[in-house]
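A short write-up of the structure that comes next.
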Amino acid sequence: MALLEIGGLVNTLGSEIKDALMAALILGAGVLVALLVRTNMRRSLSQRLPQHVYKPLENVTFYSIIFTAAVAALKPFGIDLGSLLVAGGLASIVVGLAAQNTLSDVISGLFLLMEQPIRVGDPVELEGITGEVIDIRVLSTLIRTWDGHLVRIPNKKVFDAVIANFSRTRARRIDFSVSIHYQSDLKTAIQAIMEFIGESPYCLLKPAPEVYVDAYGDSGIILRVRCWTPTRLWYPAKMSLQTGLKDVLEKVGITIPYPQLDVHLVESKPRYSVVIEEKSEKTCNDKRESSTGGR
Amino acid sequence: MAIRESGEWLFCNARVRYEDDSRTLEACDPYGCSTIEVRTPLVILPAPPILRPFTITQVVYIDFARRVFLERGSSIWAAVPLDIEIIKKGRSIARLATSKAKYRLVGSLTEGVIARNAPSPVAWRPEDIGGECSARVRIKVDKGADAVEGIPFNAAGASIYRDKHDELYLSLVTASISPLLIDTRTTRDPPLPGLEPVRGPPYGQHGRVMSLTQTAVSVERGWRLWPYLKSAG
């Protein structure tokens, strides 16, 4: 009897191990297929489609294959997805509640892919983070900040956030101030800046650039310089304009002022007698002499 | 034009110099110079003005000096500047501008397009227009009528032709004009009969630019499973 029982146990264990092996094999094959499909998709699509189109396609395909493989891997255990969904109602609720944040990240990720407020490669600002979108994954969005850090933001936060996308318009404005001395010729300065902008390939002809007096500051006249540039060239354009402007102004004799304060001294009779410092010095010297002479 | 030995060639504001001893090609334009070590033969070819200083647009906007009334059936001529490409075995190894470029936004900020600005007078006959380092463009109005300040067209799709005097032409551009929209189509057809083709698109093809780091990462990610399979086998 005991031998029969042990035999039965071994048989059961053997079939369970077989099922587990089969499930692992299916899952492994699924992952392998998903990886191969993703690699091939990347190789073929990256040459033809922009990054923001092929990356989501690649992600959706990859995770669909993984999901299908996971469902197929449950079959050897006799678990059917349909019956699992029906029978495991309570468990689903419990798991659902536990995984609420994760699920909302997944759903937000799907909405992000559909609505596309941001796309891979877009320069954006969201949740106080500014950088380039590297990837939109199932649970999170990856952003590389301008100083090179990778930031992972859960998709729900991205979906709820106020997003500034800097690449959705064809042109972007550069806007900065420069101060000139009150004694410098205003017209010459404006003309020199306009000529500089006119020669720069970065600044667009239309919308037209603007240079105007923004304010009369404490130390100088503050000029506002504005020019539109193709969105992709905004950063090099800003660097080039701001760096080159000093030389341009200096060439036409315009001075960029330092902060300064004019102090006007008004002559008046002193109300009190002035302490004569010589006397006090003498006193000090006398004291020193007397102290050294005593030795 | 082919480069087979040492020499210097000037194209308006662009200069190309080749030294056979050092096999050095120096290419200079208004934006700077670049040097490359390369063997002859090299070919110098004209290209539409979309390559320098940035390849940010395929569109050229012909900016007329004054408004021009265009109607169905009319045909005008304009001139656009040319860029220059130096080509070795089908690969573009240097690109030069013959004049300084300015760009403009045509249309709205969200729906419009950035275009290379090409100021040009308008002529009704090809002989009345053109110049050094420029190509003649014929714009034929197929539909509509209106006074226009300029015409945008896709220069990257244009072919280049030449006549017996070596004057260069871009292929025919057809336009449909309405008060709110100028719709242009760049054909591959010569603008006049009897022109000889020089070249067609694509322009500025320098092959796939390979970044070493990206390639390494891509290979590593792409074939990550193979070592495991090998060890398993």
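Some observations on this one:
- Region B:58-144 - percent of accessible surface contributed by carbon and sulfur, probe 1.4 Å: 47 percent
- Tensor-based shape of region B:147-211 (alpha-carbon gyration tensor, a/c under 1.5 rounded, otherwise prolate or oblate): oblate
- The phi torsions of region B:165-179, fed into the Karplus equation with coefficients 6.51, -1.76 and 1.60 and a -60° offset, translate into couplings of 9, 6, 6, 9, 9, 8, 5, 4, 10, 9, 10, 10, 10, 9, x Hz, rounded to whole numbers, with Gly and Pro shown as x.
- Contour excess over end-to-end distance, with Cα ends at A:LEU261 and A:VAL60 and 0.36 nm allotted per residue: 65.9 nm
- Taking the average, over residues, of other Cβ atoms within 10 Å as the packing measure, peptides A:34-44, A:221-231 rank A:221-231, A:34-44 from highest down.
- The rule of thumb for compact globular proteins, 2.2 N^0.38 Å, goes into the C-alpha radius of gyration of chain B 1.23 times.
- Using the Cβ-Cβ distance between A:LEU21 and B:ARG91 with R0 = 51 Å, the FRET efficiency computed as 1/(1 + (r/R0)^6) comes to roughly 0.45.
- Its alpha carbons give region A:91-196 an Rg and a Dmax of 21.7, 80 Å.
- Of A:LYS187/B:LYS100; B:LYS88/B:LYS164; B:LYS88/B:LYS143; A:LYS55/A:LYS157; A:LYS157/A:LYS206; A:LYS238/B:LYS100, pairs whose Cα-Cα distance is over 31 Å: B:LYS88/B:LYS143; A:LYS157/A:LYS206
- Spatially, region B:50-121 and region A:31-60 are offset by 35 Å when compared through their Cα centroids.
- Under Karplus coefficients 6.51, -1.76 and 1.60, residue-wise ³J(HN,Hα) of region A:198-213 in Hz, glycine/proline x: x, 7, 6, x, 6, 7, 6, 6, 9, x, 5, x, 9, 9, 8, 6
- Amide H contacts under 5 Å for B:ALA147, placed H, 5+ residues apart: B:LEU70
- Cysteines in chain B all have a partner Cβ under the 4.7 Å cut-off, so none lacks one.
- P(r), alpha carbons of region A:163-228 - 5 Å bins starting at zero, rounded %: 4, 16, 25, 20, 14, 11, 6, 3, 1
- Per-selection Rg to Rh, region A:214-262 - Cα, Kirkwood hydrodynamic radius: 1.06
- Rg and Dmax of region B:76-153, both derived from C-alpha coordinates alone, stand at 15.3, 46 Å.
- For the residues of A:26-35, the average number of beta carbons from a partner chain within 10 Å of their own beta carbon is 1.
- Estimated inter-spin distance, A:LEU36 and B:MET1, nm [label 7 Å along Cα→Cβ]: 5.5 nm
- Computed lengthening from A:VAL252 to A:TYR235, 0.36 nm per intervening residue step minus Cα-Cα distance: 3.5 nm
- Ranked by the mean number of other Cβ atoms within 10 Å per residue, highest first, peptides B:115-124, A:242-251 order as B:115-124, A:242-251.
- Protein heavy-atom accessible surface, 1.4 Å probe, per residue over chain B: 54 Å².
- Rounded to the nearest 0.05, the FRET efficiency derived from the C-beta distance between B:GLU127 and B:SER74 at R0 = 22 Å is 0.80.
- Backbone N under 16 Å from the A:LEU186 label point (7 Å along Cα→Cβ), restricted to region A:208-222: A:211-222
- Theoretical gain in end-to-end length, A:GLN100 to A:LEU49 [0.36 nm per residue, Cα-Cα removed]: 14.9 nm
- Other protein chain Cβ atoms within 10 Å, averaged over every residue that makes up A:200-212: 4
- Two-decimal Rg/Rh across region B:11-118, once Rg and the Kirkwood Rh are taken from alpha-carbon atoms: 1.09
- With Cα atoms as the point set, the radius of gyration and Dmax of region B:16-77 evaluate to 18.8, 58 Å.
- Protein-protein interface of region B:68-107, residues with accessible area decrease of at least 40 Å², isolated chain reference, 1.4 Å probe: B:LYS102, B:TYR103, B:ARG104, B:LEU105
- When you restrict to C-alpha pairs under 8 Å that are six or more residues apart and normalise by the size of region A:128-232, the relative contact order lands at 25 percent.
- Interface residues of region A:131-171, defined as those losing at least 50 Å² of solvent-accessible heavy-atom surface relative to the isolated chain (probe radius 1.4 Å), are listed as A:ARG170.
- Distance (nanometres) between label positions extended 7 Å along Cα→Cβ at A:ALA215 and B:GLU149: 3.3 nm
- Whole-Hz couplings from phi, Karplus 6.51/-1.76/1.60, listed for region B:192-202; x for Gly and Pro: 9, x, x, 8, 9, x, 9, 6, x, x, x
- Summed buried accessible surface, chains A and B, 1.4 Å probe, nearest 100 Å²: 2300 Å²
- Amide H partners (placed H, <5 Å) of B:SER6, local residues excluded: B:ASP20
- Shielding by partners - mean other protein chain Cβ count within 10 Å, residues of A:229-237: 2
The values are calculated or read from the model by the stated rules, or taken from the named source; none is laboratory data. Nothing here was measured: the structure is a model prediction, and the numbers come from that model. Cβ: placed from backbone, ideal geometry, glycine included. Neighbour counts: every protein chain shown. Please note that ligands, DNA and RNA were not included when accessible areas were found on the heavy atoms of the full protein model with its side chains. Shrake-Rupley method; radii C 1.70, N 1.55, O 1.52, S 1.80 Å.
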